[in-house]
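Colleague: One structure coming up, written as structure tokens, with questions to follow.
The values are calculated or read from the model by the stated rules, or taken from the named source; none is laboratory data. Quick caveat, the model's predicted, so the values are computed rather than measured. Positions of Cβ are backbone-derived with ideal geometry, glycine not excepted, and every protein chain shown enters the neighbour counts. Calculation scope for accessible area: heavy atoms of the full protein, side chains included, ligands and nucleic acids excluded. Shrake-Rupley method; radii C 1.70, N 1.55, O 1.52, S 1.80 Å.
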Amino acid sequence: MRLELRGITKTFGSVAANSAIDLTVEPGEIHCLLGENGAGKSTLMNILYGLLTPDSGQIVVDGQTREFTSPGDAIKAGIGMVHQHFMLVPVFTVAENLVLGNEESRGGPLGWLDRRKAKADVKEVSARYGLPVDPEALIEDLPVGVQQRVEIVKALMRDAEVLILDEPTAVLTPQETEELFTVMRGLKAAGKSVVFITHKLNEVRAIADRITVIRRGAVVGSAEPTASARELASLMVGRDVRLVVEKEPREPGEVALSVRGLKVTDDRGFLAVDDVSFDLHAGEVLGVAGVQGNGQTELVEALTGLRAATGSAELFGRQLVGASPRAVLRQGLGHVPEDRQHDGLVPDFSIAENLVLDQFDNKPFGGLLTLDLDAIAKNGADRLAEFDIRAESERTPAGALSGGNQQKVVVARALQRDPSLLIASQPTRGVDVGAMEFIHKRIVEQRDAGKPVLIVSTELDEITALSDRIAVMYRGKIVGIVPPDTSNEELGLLMAGGSGDEAEASLEAEAVEPVAEAVAEPDIEAEAVEPVVESETPAETGQPAAEETPAADQSSESADE
Amino acid sequence: MSDRLKRILAGIGSANTVTVTVLAFVLSVVIGGVLMILSDQHLLSQWGYFFQHPTDALSGSWDKVANGYTAMFHGAVYDPHAKQALRPIENTVVDATPLVFAGLAVALPFRAGLFNIGGQSQLIIGAVCATWVGFTVSAPMPLHVLLVVIAGMIGGALVGGLTGLLKARFGAHEVISSIMLNNIALGVLAWLIKTKAFHDPNRQDAISKPVKDTALLPAIHGSSPELNFSTVLAILAVLLVWWVMSRSTLGFRLRALGSNPDAARTAGISVSRNQVYAMLLAGALMGLVAVTQISGTLSASHAMTTTLDNGIGFTGITVALLGRGKPVGVALAALLFGALDAGGVAMEAATTPTVPHDVVTVVQAVIVVFVAAPKLVQEIFRLRDVRRGDIKGSGTGAAPSVAPATAVDSAAEAV
Ligand SMILES: Nc1ncnc2c1ncn2[C@@H]1O[C@H](COP(=O)(O)OP(=O)(O)OP(=O)(O)O)[C@@H](O)[C@H]1O
Ligand SMILES: [Mg+2]
């Protein structure tokens, strides 16, 4: 199917989200859409999928002009879409979700759901495209990557010829991304086309057949997949972007956050964080790496007062375990929650209001009783400019922002308070390369100012670029704390758990090498740090967790330089 | 300037809240007219021979509907033939006053994501407290009234707060616990009224002692039912709730909670504590309804009866819905309902053959149905979609309820 968009224009208030966009998607191609946050990619795709009506312009399918007034029309025309925020019913099974809204699977005269046929259809489609899903599984029990697979199956079951994927990889692990790419290649081989939106340039280069770049609502050019990441970045943002984080080595200060024997159970009552101990120093970025769902979320929730825990976590000597979220925030925590839509933003609130969500009753913004609306508005306007949040004004509801701009609001809120401890989960999820450069710079500044920073990310490149030390979590335990120059393979091995022995073995091997290096080019810091580790760790961790931690600590500390 | 004008015009043509509400009213007036015709046997028979003499049926129906609505207008707003031409609007305001409190008592917790269906119990316990203070305490006039007002508010707040507490502490859904509390309150009232402490020894029926004259709300104008001080309280309540919701930190918390409790919690806003606050305030407002009933001039006896709640607790829900949860909207909706009530009574009296007051009840219900189903109004009048939040609305599963709310905000901010 050949799909053409001609002169698509759409404005929201005074914002031209799309202005006269032309785009052609050939059969059997993977077409990448690149563009800054708020460039208009999602808007364009929502128009194509019938969720929005364009102010002007045409959609042409195989030479015929079509008008889509609802997604139903688009689906009939052979267009499928997987949204960045999934549209599955969590309490339904996979099969039930797949027949939702799909008329044909309604069997009997009274519109009964034909579950057996649905199940058969699911099996058939998943076998044909190599998308294994269990029709009986409940959506809420599935990892994100599998949920996404369900969304793709759903689109394919309705015979989609063109599949739109809006930032599908933002929530995927590298392995899941690789699997998704395999599926995309399979679709391409079957003559179907894919429109793929992402902010990750290496993905674009790996999979795209053609690249169209959009900036401020207009097409600014196209690029070859062979172009370098740098070229793509500057085409997209309109300036040169530094893709590497610049970070001077820095000697970490005193222990700021000391976690000992922390145990946290998840919603289902399983031990999600199992006896975790670590130290976070002032002026240090500790990255927590791991495959999604290995306890990182619960660890952060426990540290921010959002989830009950046992054990101890002291921030400058004050206990965080058992404290309320408010009490922890009062100690100066800046928190970027993992899921901006779920935990970060109040969609009806303006950007300005969202920016003070954790501070509205503090000095400049309000007191015991009243809000200072002027101060809130002024802060909103300032942050809008500082963080380059693309919106009509600070009064725009956060729900109307593009995904990346929503993320900028959440990050701005955490950073603006000059936090005494910054905990950021997936800080750059969904933001463009320009914004990523900025956010990374600000995080490093935070560290350089002597503040402790804890970063949780499933993005290995982000972790290695930002961290001074990397803690790898697997099944609720920290299986190792390693230096940032650890290779991705080794990190991958740790993240996959392997067997405990294997991980430890690799750790020990790791521990030897850097020390050797340190000896080779004599460095005072190495010696200065070592004794601290020895005197401090065994003394404080009388708990069983100590078995693994000292080894890990040692290797990391000595490799710091 | 012209840009602004254009935007306002575009707003009117789209399915925003104000337009939908106005059109819902128009539709329900039409339906009310049809009902008036259907309620008249004579007219129906004229429709029977419509094809022989179409004018009979048409002009008869027109007269019927026109007379009915004219009588209503005369009863609710302005009657040029009456001695006191503005007396009707006073009636409307008197009828609207308790509805303002009741509407606010539903609207405020609604913004915080709570459905206050327990107005009946809050009202009843508020009335018990107010009445007791009203006939036992001896105090000079302004002080006694003040004590009664405070007692009513405390009584209501206790019940409201209890609902909030049950939810916050034990996760009991507020609708379920409210229904229980409503029943309990009815039982308590029926029992209390017969106890020695409350029952009026001079009466055989179930009625409490009347409150003392010093406990009566001072009149502002007119005679029974007169405009009294409760209307001033209602205006103050509207202003206060408006201020709380839009200017205070408490309102900020409540709104955040209502829109995304997870994000609110993550940002350090205590969900349970603020739910209790919202219900305390709601209960206090319902308690004020009780005060208007006991110490106002609405019930001539100034005493508690078993039917004292008069369904106002539930009417509050419809008023809040019609007022879109905004204080000023609630006041306007209460006025409309008050006018329909006052007008309905007048219409019943002034028309022959009688147009039953029930037509008004149906009109009220129909407005609410249309307001609650904006898509229906949008279809009937072929309005454009609201501009903002439309994708995000259909996008995430939970959002559809959010989209209208956003529209409300922008519309009401303009008010
Ligand atoms: N419903 C809406 N109401 C008002 N403005 C909107 C709405 N939807 C999108 N916009 C605006 O249109 C512009 C384009 O948004 P869009 O979501 O298409 O960006 P995007 O390219 O997908 O960005 P991102 O990479 O951050 O997801 C933004 O400025 C956004 O604020
Ligand atoms: Mg987008």
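Colleague: Counting only DSSP beta bridges with both residues in the protein assembly as shown, tell me the antiparallel percent, nearest 5.
Modeller: Given both bridge residues lie in the protein assembly as shown, the antiparallel proportion sits at roughly 60 percent.
Colleague: Accessible area per residue of chain B at 1.4 Å probe, in Å²?
Modeller: 46 Å²
Colleague: Let me ask something additional. For an R0 of 35 angstrom, estimate the FRET efficiency from the Cβ-Cβ distance between B:Glu226 and A:Arg395 and round to the nearest 0.05.
Modeller: With a Förster radius of 35 Å, E is 0.20.
Colleague: Per residue of A:337-350, how many C-beta atoms from partner chains lie within 10 Å of its own C-beta, taken as a mean?
Modeller: So the per-residue partner count for this stretch is 6.
Colleague: No solvent, one uniform scatterer per C-alpha: report log10 I(q)/I(0) for the protein assembly as shown via the Debye equation at q = 0.04, 0.05, 0.08 1/Å, two decimals.
Modeller: -0.25, -0.39, -0.91
Colleague: Among B:Gly155, B:Gly33, B:Gly171, whose mean-square fluctuation peaks in a Gaussian network model of chain B (Cα, cutoff 10 Å)?
Modeller: B:Gly171
Colleague: Need one number: buried accessible surface between chains B and A, 1.4 Å probe, both sides summed, DNA, RNA and ligands left out, in Å² to 100.
Modeller: Using a 1.4 Å probe on protein heavy atoms, the buried area is about 3100 Å².
Colleague: Please identify the helices of chain B, taking whole runs of DSSP H, that span at least 20 Å along their own axis as judged from the Cα atoms and have a mean Kyte-Doolittle score of 0.5 or higher.
Modeller: Details: long enough: B:17-38 (31 Å, 2.56); B:54-76 (33 Å, -0.25); B:87-111 (35 Å, 0.78); B:119-136 (25 Å, 1.04); B:141-170 (43 Å, 1.60); B:174-192 (25 Å, 1.54); B:229-247 (26 Å, 1.91); B:271-294 (35 Å, 1.20); B:327-350 (34 Å, 1.53); B:358-372 (21 Å, 2.45).
Those that clear 20 Å and a mean of 0.5 are B:17-38, B:87-111, B:119-136, B:141-170, B:174-192, B:229-247, B:271-294, B:327-350, B:358-372.
Colleague: Does anything in region B:71-85 have its amide N under 17 Å from the 7 Å Cα→Cβ label point of B:Asp63, and if so which residues?
Modeller: Within reach of a label on B:Asp63, which here means backbone N under 17 Å from a point 7 Å along Cα→Cβ, region B:71-85 contributes B:71.
Colleague: Dipole size in debye (nearest 20) for chain B around its Cα centre, Lys and Arg Cβ +1, Asp and Glu Cβ -1?
Modeller: Around 1460 debye, computed over chain B.
Colleague: Provide the per residue accessible area, probe 1.4 Å, for region A:3-237, rounded to a whole number of square angstrom. List each step's numbers first, then the result.
Modeller: Numbers: 9690 Å² over 235 residues.
Here the per-residue accessible area is 41 Å².
Colleague: Taking only DSSP H segments of four or more residues, each worth -39500 (n - 2.57), what value at 222 nm results for the protein assembly as shown once the sum is divided by all its residues, to the nearest 500 deg cm²/dmol?
Modeller: -16500 deg cm²/dmol, from helical runs alone.
Colleague: Taking the simple approach of a point 7 Å from Cα along Cα-to-Cβ for both A:Ser234 and B:Phe50, what is their distance in nm?
Modeller: Calculated label separation equals 7.7 nm.
Colleague: So, one more: Considering only C-alpha atoms, what is the centroid distance from region A:159-198 to region A:378-424, in Å?
Modeller: 30 Å
Colleague: Quick check: convex hull over the Cα atoms of region B:87-331, volume per residue in Å³, rounded to an integer?
Modeller: Cα convex hull per residue, to the nearest whole number: 117 Å³.
Colleague: What's the longest bit of chain B with no exposed trypsin sites (Lys or Arg not before Pro), using DSSP loop states and at most 16 other Cβ atoms within 10 Å as the test?
Modeller: In short, B:204-381.
Colleague: A follow-up question, please. Positive end of the dipole of the protein assembly as shown, charges at C-beta (+1 Lys, Arg; -1 Asp, Glu), about the Cα centre: which of A:Ser19, A:Leu333, A:Val204 has its Cα farthest in that direction?
Modeller: A:Ser19
Colleague: Within region A:277-306, find all residues whose amide N lies under 20 Å from a label point positioned 7 Å from the Cα of A:Asp461 along Cα-to-beta-carbon.
Modeller: Counting backbone N atoms under 20 Å from the label point, the list is A:287-292.
Colleague: Compute the longest continuous run of chain A that contains no exposed chymotrypsin sites (Phe, Trp or Tyr not before Pro); treat a site as exposed when its DSSP state is not H, G, I, E or B and it has at most 15 other Cβ atoms within 10 Å.
Modeller: Details: sites that count: A:Phe92, A:Trp112, A:Phe270, A:Phe316.
Value returned for the longest uninterrupted segment is A:317-561.
Colleague: Between A:Ala496 and A:Arg66, what length comes free when the chain is fully extended (0.36 nm per residue of separation minus the Cα-Cα distance, one decimal in nm)?
Modeller: Details: separation 430, 0.36 × 430 = 154.80 nm, distance 4.80 nm.
In short, 150.0 nm is gained.
Colleague: Taking 25 Å as R0, compute the FRET efficiency from the Cβ-Cβ separation of B:Phe170 and B:Ala373 and round it to 0.05.
Modeller: Once rounded, the FRET efficiency stands at 0.15.
Colleague: Which number do you get for Rg(Cα) / (2.2 N^0.38 Å) in chain A?
Modeller: Normalised Rg, Cα atoms only: 1.02.
Colleague: A follow-up question, please. Roughly how compact is region A:3-237, stated as its Cα Rg over 2.2 N^0.38 Å to two decimals?
Modeller: It is 1.02.
Colleague: Now, a different point. Only helices at least 18 Å long along their own axis, judged from Cα atoms, and with Kyte-Doolittle mean hydropathy of 0.5 or greater: name those in chain A from DSSP H. Don't skip to the answer; put the middle values down first.
Modeller: Numbers: long enough: A:115-129 (21 Å, -1.37); A:144-157 (19 Å, 0.68); A:174-189 (22 Å, -0.47); A:373-386 (19 Å, -0.25); A:403-416 (20 Å, -0.23); A:433-448 (22 Å, -0.41); A:500-520 (30 Å, 0.08); A:524-540 (25 Å, -0.19).
Taking the DSSP H segments of chain A (at least 18 Å long, mean hydropathy at least 0.5), we get A:144-157.
Colleague: With θ taken as phi - 60° and the coefficients 6.51, -1.76 and 1.60, list the Karplus ³J(HN,Hα) couplings across region A:325-342 in order, rounded to whole Hz; mark glycine and proline as x.
Modeller: x, 5, 5, 5, 4, 4, 7, x, 6, x, 10, 9, x, 4, 10, 4, 6, 7
Colleague: Separate question: Quick check: pseudo-label points 7 Å beyond the Cα along Cα→Cβ at A:Ala385 and B:Thr352, how many nm apart are they?
Modeller: 7.7 nm
Colleague: Further question on the same structure: Compute the Cα gyration tensor for chain B, then decide on rounded, prolate or oblate, letting a ≥ b ≥ c be the square roots of its eigenvalues: rounded whenever a/c is under 1.5, prolate when a/b is larger than b/c in the other cases, and oblate in all that remain.
Modeller: On the way: a/c = 1.90, a/b = 1.10, b/c = 1.72.
Note, shape of chain B comes out oblate.
Colleague: Sticking with this one: In straight Cα distance, which lysines are under 18 Å from A:Lys192, not counting same-chain residues fewer than 8 positions off?
Modeller: A:Lys76, A:Lys154
Colleague: To the nearest 0.05, how large is the calculated FRET efficiency for B:Thr361 and B:Ser301 if R₀ is 22 Å and r is the Cβ-Cβ distance? Please list the in-between numbers first.
Modeller: Numbers: r = 25 Å, r/R0 = 1.13.
Efficiency, from the Cβ-Cβ distance: 0.30.
Colleague: Can you tell me which lysines have their Cα less than 21 Å from the Cα of A:Lys378? Leave out same-chain residues fewer than eight positions away.
Modeller: Cα-Cα hits under 21 Å: A:Lys363, A:Lys408.
Colleague: Name the long-range amide H neighbours of A:Ile164: under 5 Å, sequence gap of 5 or more, or other chain; modelled H, no Pro or chain starts.
Modeller: A:Gly80, A:Met81, A:Val82, A:Val195
Colleague: Shifting gears a bit: A:Thr370's amide H: which non-local residues (gap 5+, or another chain) put their own amide H closer than 5 Å, with H modeled 1.01 Å from N in plane and none for Pro or chain starts?
Modeller: Those lying under 5 Å, H to H, from A:Thr370 are B:Thr249.
Colleague: Test of understanding: what is the full-extension gain from A:Asp374 to A:Asp266, defined as 0.36 nm times their sequence separation minus their Cα-Cα distance?
Modeller: Roughly 34.8 nm would be gained on extension.
Colleague: Keeping the other protein chains in place, figure out the carbon and sulfur percent of the accessible area of the protein assembly as shown, with a 1.4 Å probe.
Modeller: Carbon plus sulfur share of accessible area: 59 percent.
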